[in-house]
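Working notes for the structure below.
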Amino acid sequence: MSSIDSHAPNLIAGVRSILWPRGRISISRRLMQIGALITLMFTAIALLTPLLTQMGLIQNPNELLSNPIHEPPSSHHWFGTTRQGYDVFSRTLFGAQAALKVVILATALSVVIGVPLGLLGGYLRGVGRSHFAIRDGCDLHPARFVAVDHAGICRRAWLV
């Protein structure tokens with residue numbers, strides 16, 4: 001028996017004790033379990049959607065087929081159809097794939113950029129101060145965009 005095989009039961013027991021502890025479960029642990037379940041379901045949907053399309057369980061989102069135009073939700077079209085006749089449910093499931101790609105890319109970029117900057121800021125004090133100033137400036141940008149939009153909307157309202 002290799003050392004990997006001997007550690008596998010301990011690893012499984014450790015994961016099991018984190019996700020399903022014995023005794024009273026705190027609210028934070030319960031919320032973590034719910035979040036892990038939602039994440040697993042979302043990932044499974046994103047990965048299984050092409051297979052479900054090949055099996056014929058959902059329609060190809062790019063095909064019009066013979067769908068009625070602008071149909072309300074029904075047993076055949078769970079989320080209805082668009083004005084062009086696209087099935088909204090299949091397009092929603094395929095949208096999960098794009099969202100999963102964005103999540104993976106954003107996480108990878110934040111790790112690749114954030115970890116070296118954090119290490120550099122932790123070891124060199126001057127770099128850390130400038131790093132926080134740049135980060136605070138980046139955090140400020142969404143507020144600037146909202147302020148500019150608000151000013152434009154208010155100005156138009158006063159001109160009318």
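The values are calculated or read from the model by the stated rules, or taken from the named source; none is laboratory data. Here the structure is a predicted model, which means the values were calculated and not measured. Neighbour counts are summed over all protein chains in view; Cβ atoms, including those assigned to glycine, are modelled from backbone coordinates with ideal geometry.
Taking the criterion of being among the charged types (D, E, K, R) and either assigned to a loop (DSSP other than H, G, I, E, B) or over 19 Å from the mean Cα position of the chain (by Cα) (or both), the residues of the range 65-124 that qualify are Glu71, Arg83, Asp87. Residues that are surrounded by 10 or more Cβ atoms within 10 Å (Cβ to Cβ) and modelled with pLDDT under 70 do not occur anywhere in the range 27-37. Kindly indicate whether Met55 is surrounded by 10 or more Cβ atoms within 10 Å (Cβ to Cβ), out of contact with any strand residue (DSSP E or B) (no Cβ under 9 Å at 6 or more places or on another chain) and at pLDDT 80 or above. When the stated conditions are applied, Met55 does not pass them.
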